[in-house]
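One structure is given below, encoded as structure tokens.
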Amino acid sequence: MAGMENLPAGLKFFQGVNKDTLDRLWRAGKVETFEKGRALIRAKEPVESVYVQVTGKSMVYNLTHTGKRKIIFIFGPGVLLNEHVQNSHDASLYCETIEKSRIFVVPAADVMYWMERDFSLTRAVLTAQEQKIWRMGHQLKNTMGSIYLERKLAAKLWKLGRDFGIPVEQGIEIDISLPVSFLADMLGAPRETTSRVCKTLAGYGLIRMDRKRITILNPQKMAIFYKTGKTG
């Protein structure tokens, strides 16, 4: 494979890693194209590859005791998708593409080999996992039982708007297909309840729904609502 200079720009996971190590990883791996809905990582299965998103988006989720999917993260380009990189461990979460994606795939054994020899790669992995822990802690603050579902969903949509938003005339359109069933998996609530919550947010003038696309009409008002519950 060609040198590391051909790796698509914007892969922040690799920033700060020594060039020699990057070149070796690049030769050991490859960029693959995956269609929407392709499972990359499965819980309780061995970790054989390390995945870094190049284009498109993927979600990380787990299954409840009743078998219902609970979405934890949605990741875009430049992010390490694995929660485990050691090939001696089984995965604890699932990872699946939510749209057609190009992903850099490298054997986990190669990543571990170069982590042992180059701390700059180890630092990159630690930084990526620390960021996920920080995000998880931030999410937990917004999922306490005392916060109404409307505020929980508002917080999640605000975050998606910040990460994947496109400015449009009406506000910020989230560049992800978001059917109600998907939102229900994010919220951890029944589909019918989630549909009601979406209508409530729309009634407050916070969002506009057009089929599977959601536009945040006023991100500042949305932030105030999810933090305080106030709409005015």
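Among the residues of segment 176-221, those identified as assigned to a loop (DSSP other than H, G, I, E, B) and open to solvent by less than 70 Å² (accessible area, probe 1.4 Å) are Ile176, Ser177, Leu178, Pro179, Gly188, Ala189, Gly205, Leu206, Leu217, Asn218.
Residues considered: Ser101, Ser92, Ser58, Ser49. Of these, the only one that is surrounded by fewer than 16 Cβ atoms within 10 Å (Cβ to Cβ) and either over 17 Å from Leu178 (Cα atoms) or not hydrophobic (A, V, I, L, M, F, W, C) (or both) is Ser92. Can you find a residue in segment 165-175 that is under 29 Å from Val79 (Cα atoms), open to solvent by less than 60 Å² (accessible area, probe 1.4 Å) and part of a helix (DSSP H, G or I)? Checked against the condition, which is being under 29 Å from Val79 (Cα atoms), open to solvent by less than 60 Å² (accessible area, probe 1.4 Å) and part of a helix (DSSP H, G or I), segment 165-175 yields no hits at all. Only one entry in Thr127, Thr122 is of a type in the set (Val, Ile, Thr), farther than 28 Å from Thr215 by Cβ and open to solvent by 50 Å² or more (accessible area, probe 1.4 Å), namely Thr127. In segment 3-15, the count of residues that are closer than 24 Å to Lys156 by Cβ, of a type outside the set (Val, Ile, Thr), in contact with a Ser or Thr (Cβ under 7 Å, 6 or more places away or on another chain) and buried (at least 19 other Cβ atoms within 10 Å of the Cβ) is zero.
The values are calculated or read from the model by the stated rules, or taken from the named source; none is laboratory data. Keep in mind that what you see is a predicted model, and the values were worked out from it rather than measured. Cβ sites come from the backbone with ideal geometry, for glycine too, and all protein chains shown count toward neighbours. In case anyone asks, the SASA skips ligands and DNA or RNA and just uses the protein heavy atoms, side chains included. Shrake-Rupley method; radii C 1.70, N 1.55, O 1.52, S 1.80 Å.
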